[in-house]
Amino acid sequence: MTDPVDEIARGKRFGFGANWQRFSRQLDPERIAAAEASLKQMLRVETLAGRRFLDVGAGSGLFSLAARRLGASVLSFDFDPQAVACVEQLRQQHCAGDSNWSVRQGDVLDRALIDELGRFDVVYAWGVLHHTGDLWRALDHTCALVENDGLLFVAIYNRQPLLSPVWLQVKRLYNALPTPGRALLAGGSTALAAAQGLTADVLGGRNPLARYRGRGRRGMSVLWDAVDWVGGFPFEVATAEQVFGFVRDRGFALVELRTANGRHGCNELVCRRDISLATGRPRSAAVRS
């Protein structure tokens, strides 16, 4: 497995774990409740009792906690050791001694790990797979973790033909800069992204301030999400159609969809696995769609 600490030190990878540790200091009952509500809404459930929930790239552990509070038995894993420590701290704080929530380090690109883990009733990978350095292999492995008739919940950065290449260079530059330079770049880039989002909301007849409230739809933080967005590298993108075509060919039917409406951000898909639907088409066919 690639050493995440070494890659972060060399500017080849963003320190997601460090960012999550800063965010975790803001966790409170309101954020946890918002995370639970978002899971129930997108998964179309009121409870996860009796289900096995896998949190791929668990980050802060917020959604592992939300799934456990909804009754699921939970396994959380992350590539970044600081994120693993963050999730473990959250588990100890809220579920100390609970044998139905376990935490480990792991790489979703590691096929041996995927085979070892087996299959789960709900596999959750929100904003993770596009940061692995190999989006489509990561998504292929994630699909393999879903039990037949189980649910896959993924969120992948939306592809913007003109802006995505620009953001890729911004992220590369951010991770190559010393700390003071990162702060300046993050501030300027965040202001630009905010201006673009506000303009799109006004033109689209939406409340331009709704997205900047302190606690978003998922209980997340606007501030630390912005740092994650500017620094998040590796970085890959895909349209909602590309992601759905890919998982459809592996035997998944769409249950719920929330797109980024053409802007930067994530397309969210919840899909149910029915192996009888698998077409066996090669991965490259989905990527080109």
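For segment 102-113, which residues satisfy the criterion of being aliphatic (A, V, I, L, M) and either within 20 Å of A34 (Cβ to Cβ) or part of a loop (DSSP other than H, G, I, E, B) (or both)?
Answer for segment 102-113, where residues must be aliphatic (A, V, I, L, M) and either within 20 Å of A34 (Cβ to Cβ) or part of a loop (DSSP other than H, G, I, E, B) (or both): V108, L109.
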Hits in segment 127-142 (condition: touching a residue at least 40 places away in the same chain (Cβ under 8 Å), buried (at least 22 other Cβ atoms within 10 Å of the Cβ) and closer than 17 Å to F252 by Cβ): L129, L135, L139, T142
Looking for whichever is surrounded by fewer than 24 Cβ atoms within 10 Å (Cβ to Cβ) and either under 22 Å from I275 (Cα atoms) or touching a residue at least 12 places away in the same chain (Cβ under 8 Å) (or both) here; the options are F79, F120, F63. Which one fits? F120
Here the residues within segment 47-101 that are under 27 Å from G133 (Cα atoms) and part of a loop (DSSP other than H, G, I, E, B) are G57, A58, G59, S60, G61, F79, D80
Suppose we filter A183, A193, A253 for residues that are at pLDDT below 90 and surrounded by fewer than 19 Cβ atoms within 10 Å (Cβ to Cβ); which single one remains? A183
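The values are calculated or read from the model by the stated rules, or taken from the named source; none is laboratory data. A quick note: this is a predicted structure, and the numbers were derived from the prediction, not measured. Reconstructed Cβ throughout: ideal geometry from the backbone, glycine too, with neighbour counts over all protein chains shown.
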